[in-house]
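This report refers to the structure that appears directly beneath it.
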Amino acid sequence: MFRGKMKAIVKHHRGYGAQLQVVDIPDIRDDEVLIRVKMTSICGTDIHIFTWDEWSQGRVSPPYVFGHEFAGEVIEIGASVSNVSVGDCVSAETHIVCGTCRQCLTGQFHICKKTNIIGVDKQGCFAEYIALPAKNLWKNPSDMPLDIATIQEPMGNAVHSVLAGEVLGKTVAIIGCGPIGLMAIAVAKAAGADKVIALDINDYRLQLAKKMGATHLIHSLNQDPVEISKSITSGDGVDVVCEMSGNPAAIQQGFKMATNGGRISILSLPSKPVTINITEDIVFKGLTVQGITGRKMFSTWQQVSSLLESGKVDVKPMITHRFSLSDFEKGFELMIKGQCGKVLLIP
């Protein structure tokens, strides 16, 4: 059994920032495994926690290790574990579910009422080691590069958002070109979307969106997103809107640009309530509005794996920076400024 200390990024107080600390290597239970983290990446949720916004203030309880996207090697298994072995390269489904609520019993594990999320409700992976339930692990192909294996979890968010309804031959708008939005662009193209419109207020990320396959770019501060999207669609409006920004104005614009009978899938986490004109922009338009949380377990993971293995989705252009774990603040600074795609951290 592994004992000792490890380096970890700790959300150390109820305020801005985080610290690199030396903490105990976690023990494992009979149904858990200990994983040596080989690579991890920064998510938008981590930015919420780091900056200590209104959402994180009401959700997380420092001090604890945060972070939830990673790839690593199994180095110890519990007595009852049989689905993975020491030496396996794994990533993890980050939603730990109860298995007994109504949603779980009907196969809707991704909306389990008692979900605990790694790095939000439980100890996370911004560390040299992490202990996790074996049932949450996804075995990676032995030849999968670590940088690709690390971002399967957020890619699952993109896949779940885009493929929550019909995409083939449709016009898709991706609002917010952060890492998940960038992956959503590539997924929409791979799924046969006719046009993929990328919207953001950041020129750097709009150029990454172009590399990921966006057919149209809209800078939402310099152009009217609703008017431009309607002109692109010959006045009809957008068939599918995927909201990834969390910005109230952008969300409102998303509802305005959607065509009658269209779909809006919302993955973003606005830090405050957002006002929507339900009568005009939902009811009279006959919109389908979906909240997207996590990934379908494990069908979305299978889709992610297939899209990557087939080469239909290439995520490499949106992986822009790599830092050591000790230089984590540089990565967070880039994410906050929006001057990056996906930022990887190496323990």
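The values are calculated or read from the model by the stated rules, or taken from the named source; none is laboratory data. Because the structure is predicted, anything quoted here is derived from the model rather than measured. Cβ coordinates were reconstructed from backbone atoms using ideal geometry, including for glycine residues, and neighbour counts include every protein chain displayed. When the accessible area is computed, the model is the full protein with side chains, heavy atoms only, and any ligands, DNA or RNA have been set aside. Shrake-Rupley method; radii C 1.70, N 1.55, O 1.52, S 1.80 Å.
What number goes with the only condition from (1) touching a strand residue (DSSP E or B) at 6+ places or on another chain (Cβ under 8 Å); (2) farther than 14 Å from SER245 by Cα that LEU163 does not pass?
Result: LEU163 passes all but (1).
Among what's in the range 64-117 and is aromatic (Phe, Trp, Tyr) and touching a helix residue (DSSP H, G or I) at 6+ places or on another chain (Cβ under 8 Å), pick the residue that is nearest to PRO141 (Cα to Cα). Full working, then the answer.
Filtering the range 64-117 down to residues aromatic (Phe, Trp, Tyr) leaves 64, 66, 70, 109.
Narrowing the set further to residues that are touching a helix residue (DSSP H, G or I) at 6+ places or on another chain (Cβ under 8 Å) leaves 66, 70, 109.
On the way: PHE66: 26, PHE70: 15, PHE109: 24 Å.
Step by step, filter the range 64-117, then rank; the result is PHE70.
Tally up the residues in the range 51-67 that are outside any strand (DSSP E or B) and open to solvent by 10 Å² or more (accessible area, probe 1.4 Å), please.
Count: 11.
It is to be established whether one or more residues within the range 72-81 are in contact with a Ser or Thr (Cβ under 9 Å, 6 or more places away or on another chain) and free of Cβ contacts under 8 Å to residues at least 24 places away in the same chain. Don't jump to the end; show me each part of the working.
Pass one, the range 72-81, residues in contact with a Ser or Thr (Cβ under 9 Å, 6 or more places away or on another chain): 72, 74, 77.
Now narrow it down to the ones that are free of Cβ contacts under 8 Å to residues at least 24 places away in the same chain: none.
No, the range 72-81 contains no residue that is in contact with a Ser or Thr (Cβ under 9 Å, 6 or more places away or on another chain) and free of Cβ contacts under 8 Å to residues at least 24 places away in the same chain.
Of (1) more than 21 Å from LEU345 (Cα to Cα); (2) free of Cβ contacts under 8 Å to residues at least 24 places away in the same chain, GLY15 satisfies all except one. Which?
Of (1) more than 21 Å from LEU345 (Cα to Cα); (2) free of Cβ contacts under 8 Å to residues at least 24 places away in the same chain, only one is false for GLY15: (2).
Taking the range 285-314 on its own, how many of its residues are open to solvent by 40 Å² or more (accessible area, probe 1.4 Å) and charged (D, E, K, R)?
So the answer is 4.
Restricting attention to strands (runs of 3 or more DSSP E) lying wholly within the range 194-291, give those where 3 or more residues are over 20 Å from the mean Cα position of the chain (by Cα) and among the aliphatic types (A, V, I, L, M).
Counting at least 3 such residues, we get no strands (runs of 3 or more DSSP E) at all.
Within the group ARG3, ARG36, which residue is open to solvent by 10 Å² or more (accessible area, probe 1.4 Å), basic (Lys, Arg) and at pLDDT 95 or above?
Selected residue: ARG36, the only one of ARG3, ARG36 that is open to solvent by 10 Å² or more (accessible area, probe 1.4 Å), basic (Lys, Arg) and at pLDDT 95 or above.
I need the full set of residues from the range 305-347 which are in contact with a strand residue (DSSP E or B) (Cβ under 7 Å, 6 or more places away or on another chain), of a type in the set (Lys, Arg) and within 21 Å of ARG295 (Cα to Cα), in order please.
The answer is LYS342, and nothing else.
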